[in-house]
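The values are calculated or read from the model by the stated rules, or taken from the named source; none is laboratory data. None of these values were measured; they are calculated from a predicted model. Glycine gets a Cβ as well: all are built from the backbone with ideal geometry, and neighbour counts include every protein chain shown.
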Amino acid sequence: MRARHLLAEILAAWEREGAELDLEWPVSDHRAFAERVRIAVAKGTDPYHMDEVWAIAWEPEGGPFPSFEGTLSVRGDEGYERAVLELEGRYEPPLGAVGRAFDLVAGNKIAAATARRLLERLGAAIEHRYAEEERAKR
């Protein structure tokens, strides 16, 4: 599956060169608190040896933002015409009990939005590289 190879190329570059992601907490239509975090990636292992898995994590430097640790993989969809990115893991709300309370109100939304943003970024990069390869074939 080509998507698996393209994801591996992108994440290998992130592993070598580093990558950053913005965590955002919208407070109004025009304002948001934001924290840039460095994404750490490393080749992971699938205990079933069926997928290429990458360990992925980030830790904010400050602000009320969750840290995350998990795995990322890509699978073919049922028709093998498209690929599905899968992100699994857990995030840790900051600030102990206060952070857990904040998580109930907004932290879980920040974590979900950040995960979506990461998957959208990777999906767009995979699609872009694939389109470039197809153009080069013509």
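When 53, 74, 105 are screened for being touching a Gly at 6+ places or on another chain (Cβ under 6 Å) and hydrophobic (A, V, I, L, M, F, W, C), only 53 passes.
Answer yes if at least one residue in region 99-114 is within 22 Å of residue 6 (Cα to Cα) and either of a type outside the set (Gly, Ala, Ser) or more than 21 Å from the chain's Cα centre (by Cα) (or both), and no otherwise. For region 99-114, residues within 22 Å of residue 6 (Cα to Cα) and either of a type outside the set (Gly, Ala, Ser) or more than 21 Å from the chain's Cα centre (by Cα) (or both): present. At least 3 residues being of a type in the set (A, V, I, L, M, F, W, C) and modelled with pLDDT of 75 or more is the threshold, and among the strands (runs of 3 or more DSSP E) wholly inside region 3-114 those reaching it are 32-43, 53-58, 67-76, 83-92.
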